[in-house]
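One structure is given below, encoded as structure tokens.
Only the coordinates and a few stated rules stand behind these numbers; no lab work does. Quick caveat: nothing in here was measured; it's all calculated off a predicted structure. Backbone-built Cβ (ideal geometry, glycine too); neighbour counts: all protein chains shown.
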Amino acid sequence: MNPYGQLPAPQYGLLPFTGLLFVCFLLLLVWWVYLSLKHASDVMSVHVIILLVVIFFVLNLGARFIHLAAYNYVGRPLFFLVLISIVLDCSTRTLTRVLTLFVCMG
């Protein structure tokens, strides 16, 4: 146990960084939803996929932050939180690749 919690030293920097990324992506999500609603008549399917990608990024970073915070508090990774974080990370990466293919194909 160190003064900052029970996370190993190389991983402790991930906790505030992940929290900051979560807040940034949450603000991006709010801005994207606002602009999508403002220009609802011009929204195409690629915009909806971008919205899904940003939602998955927010969910992924939220799950990762909760996982790191719980690991810092308990002292060991909790299986359920690790599993949720891995599933959301794989889903986010897959959806990002689908978006890339969708945009490349036109």
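Kindly express, to the nearest 10 degrees and within the range 0 to 90, the angle between helix 79-105's C-alpha long axis and the longest C-alpha principal axis of the chain.
The angle comes out at about 30 degrees.
How far is helix 14-38 tilted off the main Cα axis of the chain, in degrees rounded to 10, range 0 to 90?
20 degrees
Show me 48-60, 6-18, 31-43 ranked by packing, highest mean number of other Cβ atoms within 10 Å first.
Packing proxy ranking, top to bottom: 48-60, 6-18, 31-43.
Students often get this wrong, so try it: which of (i) 53; (ii) 43; (iii) 57 is percent of Cα pairs over 19 Å apart as calculated from the structure shown?
Answer by label: (i).
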